[in-house]
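J.: Here you go, one structure.
Bear in mind these aren't lab numbers, they're just calculated from the coordinates by the rules spelled out. Note that this is a predicted model, so its numbers are computed, not measured. Note: ideal-geometry Cβ built from the backbone for every residue, glycine included; neighbour counts use all protein chains shown.
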Amino acid sequence: GALVAVLPPVFVLGAIVLASSVFSQVGLSDGRWNMGNLAPKASRINPMSGLKRMFGTQGLIELGKGLAKLALLGTIAYSWASGELSKLIGLGHGDIHGQLVQAWDAITSLAFALAAGLVIIALLDFPILWIRRFFRLRMTLQEIKDEHKESEGSPENKAAVRNKQRQLAMGAMQGAMAKAQFVITNPTHFSVALTYDPDLAPAPVVLAKGRGEKALAMRQLAAELGVPTIEIPPLARSVYFTTRENQMIREDLYAAIASVLAFVMSLKRGDNPQLPPIDLPIHMQFDADGRPEAIVQLNRAAAQPS
């Protein structure tokens, strides 16, 4: 009967302690359960890892917390013993049933006192753990930023790299423009520099090409180097969109480029030539966005009301 009488308080005590422990851990994990923590890990039984945890900063913090918890629970136990001393001394008197009831009462009262201490510890420990976790996460994010900064480079370094790349590109373009025989322009959006040397290639080769700022820089270099510049927008776009640098032009453009080359040779002889009309196959004509002109014309026709 006495055992049955004390079982409910014991269950309540266990529930309080369990709830305090679960609450503190779930609160730190944002309500998520990580089943991976249940998997066995060799690092958990590694003596060196254990020594690092014991004698590191984390170990000292845990030691201090453990001593504080022990001091609190010891104080609670001492206060309980001081208040229950008379009852403890009287346990040796009376029948066995009464002694058992008094013993269980003493045990449960001590257990509840210690449980209250554990709840207080959990309430105090939770914000401390949360703050430490917050700073660890912030440090981790800072480490990620630092690593990204080191891998990608600071804005100043990236600007210096871009400037260096621009200088190298300009140097390469200057070398290519110095070898060019003529430049075909859009005139404001595209520029292509070509040369023709039968000993090196059977067809004219594109030495450099550019659009926008690069096209403007090419025209300026051509003027400085005395390289003839011819404004033929359809041909400039056609060469730009169909030929890579250091590549021969397509066979479809042979006739058009040959006419331009003959015009340039006549200029260099001091003649006063007239640039002949340049005819391009429809499939070699492009707009400023690189779309085939045939498709653009079809779209325009389709958009017109019938």
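J.: Which one of L194, L280, Y254 has its Cα pushed farthest toward the positive end of the charge dipole of the range 162-292, where Lys and Arg give +1 and Asp and Glu give -1 at the Cβ?
T.: L194
J.: What is the extension gain from Q274 to A262, computed as 0.36 nm multiplied by their sequence separation minus the C-alpha to C-alpha distance, in nm to one decimal?
T.: 3.3 nm
J.: Given R₀ = 45 Å, what would the calculated FRET efficiency be for K69 paired with K164, taking r from the Cβ atoms and rounding to 0.05?
T.: Efficiency, from the Cβ-Cβ distance: 0.15.
J.: Report, in debye and to the nearest 20, how large the dipole of the range 162-292 comes out about its Cα centre when Lys and Arg carry +1 and Asp and Glu carry -1 on their Cβ. Working shown, then result.
T.: Details: 14 positive and 12 negative charges, 115 e Å.
Roughly 560 debye, rounded to the nearest 20.
J.: Next up: Taking 0.36 nm per residue of separation and subtracting the Cα-Cα distance, what length does fully extending T188 through A116 add? Walk me through the intermediate numbers first.
T.: Numbers: separation 72, 0.36 × 72 = 25.92 nm, distance 8.29 nm.
Extra length from T188 to A116 when fully extended: 17.6 nm.
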